[in-house]
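The values are calculated or read from the model by the stated rules, or taken from the named source; none is laboratory data. None of these values were measured; they are calculated from a predicted model. Using ideal geometry, Cβ is built from the backbone for each residue, glycine included, and neighbour counts are taken over all protein chains shown. Calculation scope for accessible area: heavy atoms of the full protein, side chains included, ligands and nucleic acids excluded. Shrake-Rupley method; radii C 1.70, N 1.55, O 1.52, S 1.80 Å.
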Amino acid sequence: MNNQKRLDRTFSALVDPTRRAILARLERSDSASIGELAQPFAIGLPAVLKHLEVLRRAGLVTRSKSGRTVTVRLRPQPMRDVRDWLRRYDRFWSNSLDRLAVYAEAKEAGARGKER
């Protein structure tokens with residue numbers, strides 16, 4: 001699969017707040033069972049399984065089975081790829097934020113000058 005398709009799948013997976021919450025839970029621990037991942041959500045197990053499948057297809061998680069327990073683990077590489085892709089646009093944000101800081105400082109200095 002080419003890099004653009006991988007990025008598309010990762011962004012598609014990350015758009016959903018339930019999937020982001022699942023990833024956050026996995027980030028805090030080495031692994032979790034499907035039941036543990038499903039527990040905090042007010043959705044049924046089939047819906048959680050669908051979310052996990054989207055995350056798996058995006059390469060963000062892996063699943064392994066031991067007996068009757070399916071364990072899910074975070075696979076951070078696709079998020080690193082997104083981070084690297086976003087860094088290419090850093091200069092646009094940095095310049096805008098720098099201009100905003102200069103503007104805010106000028107406004108603040110102007111307001112202090114009027115108070116005197």
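Annotations
- Taking 0.36 nm per residue of separation and subtracting the Cα-Cα distance, full extension of the segment from D8 to V70 would add 19.6 nm.
- Dipole of the chain computed with +1 at Lys/Arg Cβ and -1 at Asp/Glu Cβ about the Cα centre; of N95, A109, P40, farthest Cα towards the positive end is P40.
- Neighbour-limited loop hits for trypsin sites (Lys or Arg not before Pro), segment 46-114 (at most 16 other Cβ within 10 Å; DSSP other than H, G, I, E, B): R68, R88
- Considering only alpha-carbon pairs that sit under 8 angstrom and 6 or more positions apart, the relative contact order computed for the chain is 26 percent.
- Each 10 Å bin from zero holds the following percent of Cα-Cα pairs in the chain: 12, 33, 21, 14, 12, 7, 2, 0.
- Extension gain from T18 to R88, taking 0.36 nm per residue of separation minus the Cα-Cα distance: 22.4 nm
- Annotation for segment 1-46 versus segment 72-116: alpha-carbon center distance of 27 Å.
- Dipole check for the chain: with +1 at the C-beta of Lys and Arg, -1 at the C-beta of Asp and Glu, and the Cα centre as origin, the magnitude is about 280 Debye.
- Surface per residue (accessible, 1.4 Å probe) for the chain, Å²: 72 Å²
- Shown for segment 1-76: the carbon plus sulfur share of the solvent-accessible area, taken with all protein chains present and a 1.4 angstrom probe, equals 51%.
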